[in-house]
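Shown next, in structure tokens, is the structure this report addresses.
No lab work stands behind these numbers, since they all come straight from the coordinates. This is a predicted model, so every value here is computed, not measured. Here Cβ is always computed from backbone atoms with ideal geometry, including for glycine, and neighbour counts include all displayed protein chains.
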Amino acid sequence: MNIRYRVELNEAERTQLAALLNGGKHPARKLKRAQILMAADAGIADEHIANSVSVGGSTVYRTKRRFVEVAAHLPHRSGVCDALHDAA
């Protein structure tokens, strides 16, 4: 079963991701995940995101899933931090 996860960032999350993408030195994996979340928030299709960020479709799916599940289960906490880091 293929579930579609819809990423909806608030303004603070967009600002956090934009700051991450616009400056500093960060691991490539973290930057790619930030790009995935920003593109998903803009409504771009998963296949197009995967091609433009040079990742597999499963990476897009997992990143979106991690963000949405954290936001749903812990509404007081931003899903951005968890989506950008490796799952434990």
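Brief remarks follow.
- Restricting attention to region 1-58, the residues that are among the hydrophobic types (A, V, I, L, M, F, W, C) and not in a helix (DSSP H, G or I) total 8.
- Qualifying residue in region 32-44 (condition: in contact (Cβ under 8 Å) with a residue 24 or more places away in the chain and more than 16 Å from LEU9 (Cβ to Cβ)): yes
- Of all residues in region 17-40, those being surrounded by fewer than 18 Cβ atoms within 10 Å (Cβ to Cβ) and under 18 Å from VAL70 (Cα atoms) number 1.
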